[in-house]
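Undergrad: First the structure, then my questions, so here it is.
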Amino acid sequence: MISLISENWLFFLIALLIGVATAFWAWAVSGRENADDHFDADDGLLEKAGDAVVPAPEPVVPPPAPAPAPKVAPAPTPAPAPKPAAAPAAAAAPAAKTVKPAPTPRPRKRPAATETPAPPPPPGKPKIAPAKGDPDNLRLIKGVGPKLNSLLNNLGITRFDQIAEWKEAEIQEVDQYLESFSGRITRDSWIDQAKYLAKDDIAGFEKKYGKL
């Protein structure tokens with residue numbers, strides 16, 4: 001029996017499904033009939049319920065619509081500020097007189113610096129070799145004028161050969177007696193001029209220092 005079922009199991013499965021389906025169909029049919037009987041027993045109640053007056057339903061009043069929000073008026077735009085009145089034209093004012101600028105004052109020349117006065121010459125005469133012979137005209141030396149000539153004569157200086165023999169020591173000794181003419185011995189080359197004049201070399205003198 002078991003071997004027979006194992007060989008034909010597909011047929012047995014199909015037969016089982018058919019049987020279950022038949023049983024389910026029969027159960028469904030019997031349940032529908034019972035339901036019809038139940039409703040027949042309650043027909044009177046349904047008819048009575050139908051005869052009762054069913055009150056009309058009250059109309060549904062919709063809730064009042066919310067009041068619209070009040071409209072806010074826009075803020076007024078401020079009026080533009082009035083423009084300032086234009087200044088009167090410059091032409092209306094009286095023409096100003098042309099004022100000439102004052103001349104720029106010229107700077108005054110600074111006064112010349114006052115020269116420091118030379119110390120007064122020492123008393124006496126310079127310590128130099130005395131003149132030997134007749135005096136010469138010292139004004140022939142370029143740079144020696146009348147005043148300086150008198151000053152030299154008063155100091156005992158009267159000859160060309162006397163001046164031509166001066167050395168540095170004699171120059172410094174005599175220079176301190178020349179007052180405002182200090183420094184003229186070296187600056188005007190007195191010694192060199194005196195050498196030409198002491199030898200009476202007029203041509204050599206004039207060639208170097210100009211006409212007498």
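The values are calculated or read from the model by the stated rules, or taken from the named source; none is laboratory data. Only a predicted model underlies this, so the values are computations on that prediction, with no experimental measurement involved. All Cβ positions, even for glycine, are placed from backbone atoms using ideal geometry, and neighbour counts span all protein chains on display.
Undergrad: If residue 106 passes every condition in (1) modelled with pLDDT under 90; (2) under 26 Å from residue 201 (Cβ atoms); (3) of a type in the set (Lys, Arg) but one, which one does it miss?
TA: (2)
Undergrad: Collect the residues in the stretch 160-175 that are farther than 12 Å from residue 127 by Cα and buried (at least 19 other Cβ atoms within 10 Å of the Cβ), keeping them in residue-number order. Lay out the reasoning, then the answer.
TA: Here is the first cut: in the stretch 160-175, the ones farther than 12 Å from residue 127 by Cα are 160-165, 167-168.
Answer for the stretch 160-175, where residues must be farther than 12 Å from residue 127 by Cα and buried (at least 19 other Cβ atoms within 10 Å of the Cβ): 160, 162, 163.
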